[in-house]
Amino acid sequence: MSEKRLISELDSNKLRENALTSIRLGAEDFERSRRAPADGGDPARALSAVRNLFAGVLLLFKYKIATCVDNAADAAALIFMPPEVWPHGDGEGGIEWLPVGKFKSITIDVGTIQKRFQAFGIEVDWKVIAKL
C-alpha cells in the first residue's frame, strides 16, 4: 500500500479503538501478573502490562492529535513521520531539496507528539508519562 493511499485512509476512530484495546490488555496483563501461579498468574506479564499501557497511551495521544483537524489527509500528515529532506546540488550551481532515506510509513514518536501537543495547546503532565 502506498504512503499516499495510507495517509488518505487514516481512520482516527481506529486509533482510538486500538488505544483502548492496548490499555485493556495492559490492565488484564497487570492483573494476571499479580495472581499466584496456582491461580493462573504469571509474574512475567508485568512487562507486557507496561508495554501495552504505554502503547495505549501513545495511541490515545495520536488519536487526540488526529481529532484536532477535520480532514483525514491532514490528520495523517500530523500522525505519520514525513520523510527527511536534504539539499542536493542540481548540477547547475543551485540546490534541489530531495527526500532521503527509507520511505516506510511510521507514526510519530513521543518527542514529536509533545511538539504537536504544544502546537495545538494540549496540556499533558509529561513527567507522569516519563515515569510510565
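Listed by position, the helices (runs of 4 or more DSSP H) inside the range 1-116 whose residues that are at pLDDT 90 or above number at least 1 are 12-34, 45-66, 72-79.
Considering the range 9-55, and only residues there that are touching an Asp or Glu at 6+ places or on another chain (Cβ under 8 Å) and of a type in the set (S, T, N, Q), the residue that is farthest from VAL69 (Cα to Cα) turns out to be SER33. Residues in the range 83-120 that are under 22 Å from ALA73 (Cβ atoms) and of a type in the set (Asp, Glu): GLU84, ASP109. Only one entry in VAL128, VAL85, VAL57, VAL124 is surrounded by 10 or more Cβ atoms within 10 Å (Cβ to Cβ), free of Cβ contacts under 8 Å to residues at least 24 places away in the same chain and of a type in the set (A, V, I, L, M), namely VAL85.
The values are calculated or read from the model by the stated rules, or taken from the named source; none is laboratory data. Worth saying up front: this structure is predicted, and the values here are computed from it rather than measured. Here Cβ is always computed from backbone atoms with ideal geometry, including for glycine, and neighbour counts include all displayed protein chains.
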